[in-house]
Amino acid sequence: MAVARRKVRHKYHSFYRRALYSFTLVISVLIIGTVLFHYVENYPYVTAFYFMSMIATAQGPAIVPAGAVGKLLTSLMAFISIGSVIFALGFIFGPFFGRLLKIGEEKLKEEEEALEKDIKKLRKK
């Protein structure tokens, strides 16, 4: 008797919803960082946004902040922004990679069963 598997759907199941949440997180971090660099380092908004986007994409800042507070803020925002980008990518594509892993495990199990059958045939001979 086969057991019916029930599909569990939760509120984050939709790819578009996960993408929206992730996009909102990354944009929020970029906006907060832009405003902070505007006030702490007196960068114009465009320069502050450029600075923040370079940090968030792990390319490093093109300019070095002048003050100690700016350098500490850069360090803090690097951890926060890179972490949020990595989290966002994992949140968006996590279910896809989970399915790939499950398919890979099923294929591996099929291969093991086929090899065991072949070994049994060879032992009988």
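Observations on the structure shown:
- Positive dipole terminus of the chain, leading residue within Leu100, Ala19, Thr57 (C-beta point charges): Leu100
- CD proxy at 222 nm, helix term only [per DSSP H run n ≥ 4: -39500 (n - 2.57); per residue of the chain; nearest 500]: -28000 deg cm²/dmol
- Cross-link reach list, aspartates and glutamates versus Lys102, counting only Cα pairs under 13 Å and skipping chain neighbours closer than eight places: Glu110
- Inter-part distance where region 33-53 and region 68-125 are each reduced to a Cα centre, Å: 36 Å
- Note on Lys102/Ile27: beta-carbon distance plugged into 1/(1 + (r/R0)^6) with R0 of 41 Å gives a FRET efficiency of 0.80.
- FRET efficiency, 1/(1 + (r/R0)^6) with R0 41 Å, evaluated for Phe93 and Asp118 via beta carbons: 0.65
- Across every pair of non-identical alpha carbons in the chain, the mean reciprocal distance, once inverted, gives a Kirkwood radius of 18.4 Å.
- Phi-derived couplings, Karplus 6.51 cos²θ - 1.76 cosθ + 1.60 at θ = phi - 60°, listed residue by residue for region 38-55: 5, 7, 6, 9, 6, 6, x, 4, 5, 5, 5, 5, 4, 4, 5, 5, 5, 5 Hz, with x used for Gly and Pro.
Read-outs throughout are calculated quantities, based only on the coordinates presented, and are distinct from any laboratory measurement. Computed from a predicted model, the values in this text were never measured in an experiment. Virtual Cβ from ideal backbone geometry, glycine too; neighbours counted across all protein chains shown.
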